[in-house]
Amino acid sequence: MKKLLSVGNIIACLCFILSLVGLILYVANVNGDGFFKGHNVDGVIAYCVLAMVFSLLIIAASFLPRNGIVGKIVDIVVMVLKVLIPVMMFLAVMALTAERVAGFGYIFFSNEDVRKEVATPANLASAYLAITTLVFDGIAAVAGIVGSFFLLKKED
Amino acid sequence: MKKRTLNALTLGLTATFASIMVISIAGSSIANSYRTNIDQMFGTESFKIDDSSEGARFVKKYQTADEMINAARNVAIKEGQEGTVVLKNDGALPLASTTKVALFGIGAYATYPYSAGDLKAGNADALDLKTAFTKAGFTLESNVTRVYEKVSNKHEIEVENPWTHEKTKSVGYDHAPATAPGDFAQFKNEEVPAADLATIAAEPANWADSIDKGSTTGFVVISRGAGEGNTYTPKGKKGSGGMFDPVDKDLALDYKGNVTTRNALALSEDELSVIDLAKAHCNKVVVLINSGNNLELGDILSGDHKVDGIAYIGCVNDYQLAGVVDVLSGKVNANGHLADTFVYDNLSIPASRNIGDGIFKDASIVAANATNGFDSRWPDQELGTGVFSSFASQPSYSSDSYIVEAEGIYVGYKYFETRYYDSIMNPSYHADSTAGSRDGNAWKYDNEVTFTFGEGLSYIDYDQEITNLTVDKSNEGNVTAEVKVTNKGSKEGLFTAQLYVQQPYTEHDRTANVEKSAVSFLNSKKVSVAANSSATVTITVPSKYLASYDASEGVKTYSLEEGKYLFTAANGAHEAVNSFITAQGGTPTVGTGAQAVKEWNSATNDVTTFSKGYNNSVITNRVDNADINYWLPGSVTYMTRKDWNTFPKDYTLPENAFKIADSAKKDEWIKEFQGKQYTIRTDEPATEGKDLGMRFGPESALSDTQLSNVNDLYWSQLVSQITIDEALGAVLHGGSKTDVLTNVENPEVLQNEGVSGFTTGLNLDGLNTQYEKDTGAKVFKFNVHSQTLMATSFDPDLAYEWGEVEGNSGLWIQRYDLWGTGLTQRRTPYNGRNYEYISEDAMLSNRIGARILKGCADYGIINGPKHLGANDQEYKRAGINEFMTEQKLREGDLRCFQAALEPNDGHGLAVMIAFNRIGSTNACMNIGVCKNILREEWGFTGIISTDMATNSYYFIAEGMILATVTQVADFSQNDNHINQGTGGVDKTWPYISVNAVKNDAHLVEQAREDLKYQLFTFANSAVFNIKTIKMTPWWEATLTAITVSTGILTGIGALAALALAVWPSKKED
């Protein structure tokens, strides 16, 4: 129980949940009605899934014996994963941003005539959902950074 | 610090630096794509223009900034002086200098457009109507001014940017005309009725009683806003169902939001109450029409609301009102003329029967899904058929909506005047039937038309007469008419000579369904004539515009038929028609004016001379499938003058809707809807681009031959260097800013807007201008033009002057490429962009457009008119099928653009294609129009751009390339590659990749050919006057520094963390 409730594991859990939420929001965004319907972004799903997998691996690794060489290898792998989690989520954030920014420009910053045509309720909802996705992915990434400051607990 | 703690800290920092590095690398890529936008936001520059090259090909005409500014202001004032049209005048105009002026109506205090933006410059010394009258020496009636200033309450407002929270100052009004009607929305007329003025202004109810009636002339300004994506809603059509039923939603709201009994383009009850108020308290009342959309003026021509004067002032900009007042005061003779026909009921216009949308009964058979089968280009993607917003990408072919332009060539006056002519001269054509009559009775001209095309009163009585006429009917020949203009008055004045023609309507025409208007405008010219004297002007127009397009079997080209061609010079189309009637022994029944007529005889049926275009290219049918009868024979009867009972039926009604599956050519049709006209080949290997060491820039020493001939070997060799990846990528992602091609290193060229001129201002810092001293302004904006007043000036020479000013302003602000004029035919009064266009008449657009473009081209500015290809309505423009005959397309919308783009006439260097379909083919993918007609027949070698191509399922990559589009408009920059998606595919069209196209030499070579036109255009423009010097703005330097530093720190951190992890810990004692 102690191993499960270590700070590192709690944060890894949080990363997993936030990445999953980000993924769900993204899928909802590209499948739902509105401006971004069908606007799939390459890599986002992969980045989120990888971050989730890495989070689970970190939690699983906390239960592995870490004596001797095997322990050192586990420690190093976990360290790499802890660096990769925020990197994956920031890659997701930036990939989404790159593909969404033009749409945000149309919906929020066009001149009045264009905005009247494009800022429909459905499009606005789609845009806000995209922003929410970015926020969750960003928080997952920050959580990943925080988590990287916590190593696996040493065995007694 | 314990080793473990240090290790954790190191790891955390490594993760932090790695994350920041990822953000900065990805952020740099995003920032690079939006470099121009970021530069604008931060006020930085990514490249500097060096235009100091000696021996520059294009040189400024105006050597100082003050000269440039004054030239812009002067041409704008002239637009007001020449474009103001006096339509009615019962002794009200010109104003005596002692007359007091009372300005009524909220439009008098916020004359449209009243906010700075694309349409209005908003310079520091911009004039409103009050100031224009005051500066002209008139006294304003203070009671009216006081009350209306309180009602309109112009004040400063702060507008907060919702994202940056930055607050900028803008102008607000409590009551001002609506700036946009919406897109088939319910229009809200913001006019405040007379009864509410006292309450709102906190004035006594009898405030108007103190107006000195005897000495006051009241001006009531009636305004209508407009804009992109807007369409005025017609009121219900009589006895019909569908979207135009006369229900409340089609009627306008008043300023309180209550439904009225009026449609948006009729004068509202509130506006009429204001007119009545003016009538009650002023000696004379003049209504000023401040609109780009034709209003229904019947209420003020007779009866209770009849006024003493009506003048059209269009949509004004910063300085035009000075010119308008010059006309109202008589300082300048009234010399403007209407560019459109005004009618009692806009629904009596045949084109009005078919706007909006019909929906194919079985539109869903086009969709890509499990039932119909998926599209191999998007194998797992369901694609619908609905037409959505022009700016949204939806998984849809945008194919389900259509209109049928069943009116054919009979747009505007060509309908009304031809039917009038036939009612007198050809009774067997049933011109007086009830079909199309606005009140259900026998059709009568004066029951339908209030003011006609070309009409305009002059304060000074004058005559115009053709004294000499020659017709050179060779392919490059001209009609040359010498017109004597006689000033019968006692003052010098400016007058307009207008040239009209009647072509013979023959038996062949009636059999082959070739339509001929009874009167057609050809060209016009302004002339200043001294009192009691005459002056002769020469009006020329290419003879090819006398020919008609005959799409019938056995002809299929332009035909100059045997018979009599009648020419006259007249004050408007109706006077011209009356002249023809009189000359042919008939008696006009409406109007009395009739001028002398000259006759020219064509001895033979000539189907040869004008069957050849530029460079002897063949002119033949190119858009047979734009006619719905191609797909569904006999389904539509286009209106024909031989039987006016063919007045169009409303094909948008559900009971008249078409069924795709009924077509024998269903499969071919579905391919058009889906943009599948072309299948990418796999058996013809393309040659990869090879660096031949040829570079392209202002330093390139090009010979005259190379500069004048796009087919010179130099250009083919130059573009052969472009890789397959960049050849397609640069066309498909080339909008907004042309990117630098590897192996070519062409200059970067930024695109600009708009129709009223460059919206980028001239920074006056350091220029020491008188303008800055006088006004305190630090910037002058050159978008000071009024397209509506240019149109009603009927002055191609003024159009050239504006083109010169526009071109020179580009040289001054170092911008060389803009979407700078609108030439689409005004098919109905409802199109919200009519204010950007010229006229219902193709030849007026042709002549004015050509001179604007020539003025710009003479200074090397790439001015691209828009939107070629029948952008006849904003509603569902991104996909609507527009069915029409080839004659209608060629003699209508295309003719509006033709002269502007031909090298021997306007010499325009660019064009933007419409969003809609021509027939069922996306206009941007229409090879018949873009390649065969524009490039081959017209000899156009310039840039062809799409409008914003946001729906990649409607704008098909290979289709646009094959139609010789040189750039697909998008907002991104530095993306002229295919391989920007995952796995090397195109990010927008994932079925396009180098692998997918490398065995289609036809497609790849066409893409290189398209880029050839772009580079050739740059070489013949002021782009080649300049050098582009790249600079690194601080934000880019910062991002680079962050990337490098975090990269290093990540590496150090990772190594440190690894070392700490593997290094054995010290055992504690």
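Put simply, the amide H of B:Glu296, placed in the peptide plane, has neighbours under 5 Å in B:Ala266, B:Leu267, leaving out anything fewer than 5 places away on its chain.
Rolling a 1.4 angstrom probe over the protein heavy atoms with all chains in place gives chain B an accessible area of 34 Å² per residue.
Put a dot 7 Å past the Cα of B:Thr98, heading toward its Cβ, do the same for B:Val779, and the two dots end up 4.8 nm apart.
For B:Thr467, the amide hydrogen comes within under 5 Å of the amide hydrogens of B:Glu482, B:Val483, B:Lys484, counting only partners 5 or more places away or on other chains and with H modelled in the peptide plane. Here each label is just a point 7 Å from Cα along the line to Cβ, and for B:Asp50 and B:Phe374 those points are 5.4 nm apart. With every protein chain in place and a 1.4 angstrom probe, the accessible-area ranking of B:Ser708, B:Ser273, B:Ser528, largest first, reads B:Ser708, B:Ser528, B:Ser273.
How high is the relative contact order of chain B? Use alpha-carbon pairs under 8 Å, at least six apart in sequence, and give a whole percent. Relative contact order here is 16 percent. Mind running the shape call on region B:640-711? Use the C-alpha gyration tensor, a ≥ b ≥ c as the square roots of the eigenvalues: rounded below 1.5 for a/c, prolate if a/b tops b/c, oblate otherwise. Oblate is the answer for region B:640-711, as a/c is 1.5 or above yet b/c matches or exceeds a/b. Helix B:1034-1062 axis versus longest C-alpha principal axis of chain B: approximately 30°, rounded to the nearest ten.
Relative to the dominant Cα principal axis of chain B, helix B:842-857 is inclined by about 50°. When accessible surface is computed with a 1.4 Å probe, chains A and B are found to bury approximately 3500 Å² between them, both chains counted. Going from the isolated chain to the complete set of protein chains, region B:4-39 loses at least 40 Å² of heavy-atom accessible area (1.4 Å probe) at B:Arg4, B:Ala8, B:Leu11, B:Ala15, B:Ser19, B:Val22, B:Ile23, B:Ile30, B:Tyr34. If R0 equals 56 Å, the separation of the Cβ atoms of B:Asn656 and B:Asp858 corresponds to a calculated FRET efficiency of about 0.65. The phi-based Karplus calculation (6.51 cos²θ - 1.76 cosθ + 1.60; θ = phi - 60°) puts the 3J(HN,Hα) values of region B:674-687 at 8, x, 9, 5, 10, 10, 4, 7, 10, 10, 9, x, 8, 7 Hz, whole numbers, x for Gly and Pro. When the chymotrypsin sites (Phe, Trp or Tyr not before Pro) in region B:121-218 are filtered for DSSP coil states and for at most 13 other beta-carbon atoms within 10 Å of their beta-carbon, the remaining sites are B:Trp163.
Spin-label pair B:Lys306-B:Asn999: with each label point 7 Å from Cα along the Cα-Cβ axis, the two points sit 8.1 nm from one another. Taking region B:510-553 and a reference point 7 angstrom along Cα→Cβ of B:Thr470, the backbone N atoms nearer than 14 Å belong to B:538-541, B:543. Each residue was assigned an accessible area with a 1.4 Å probe, and for B:Leu767 the value is about 70 Å². The Cα center of region B:839-880 and the Cα center of region B:585-662 differ in position by 22 Å. Within region B:85-313, antiparallel bridges make up roughly 35 percent of the DSSP beta bridges whose residues both belong there.
When all protein chains stay in place and ligands, DNA and RNA are ignored, the 1.4 Å accessible-area order of B:Trp1035, B:Trp600, largest first, is B:Trp600, B:Trp1035. Of the residues B:Phe374, A:Phe16, B:Phe647, ranked by 1.4 Å probe accessible area with the largest first, the sequence reads B:Phe374, A:Phe16, B:Phe647. Residue by residue, region B:327-336 carries 3J(HN,Hα) couplings of 6, 4, 8, x, 4, 10, 4, 5, 9, x Hz when phi is fed to the Karplus relation 6.51 cos²θ - 1.76 cosθ + 1.60 (θ = phi - 60°); x denotes Gly or Pro. Computed from backbone phi with θ = phi - 60° and the Karplus coefficients 6.51, -1.76 and 1.60, the 3J(HN,Hα) list for region B:397-402 is 7, 6, 10, 7, 10, 8 Hz; x is used for glycine and proline. Taking amide H atoms as placed 1.01 Å from N in the peptide plane, the amide H of B:Phe104 lies under 5 Å from those of B:Phe219, B:Val220, B:Val221, each 5 or more residues away in sequence or on another chain.
Mean residue ellipticity at 222 nm, helices only, the protein assembly as shown: -10500 deg cm²/dmol; runs of at least 4 DSSP H residues each add -39,500 (n - 2.57), and the sum is divided by the number of residues. Apolar share of the accessible surface for region B:458-622: 44 percent from carbon plus sulfur atoms, 1.4 Å probe. Shape class for region B:305-439, computed from the alpha carbon gyration tensor (a ≥ b ≥ c): oblate, with a/c not under 1.5 and a/b at or below b/c.
The values are calculated or read from the model by the stated rules, or taken from the named source; none is laboratory data. This structure is a prediction, so every number in the text was calculated from the model and none was measured. All Cβ positions, glycine included, derive from the backbone under ideal geometry; neighbour counts span all protein chains shown. In case anyone asks, the SASA skips ligands and DNA or RNA and just uses the protein heavy atoms, side chains included. Shrake-Rupley method; radii C 1.70, N 1.55, O 1.52, S 1.80 Å.
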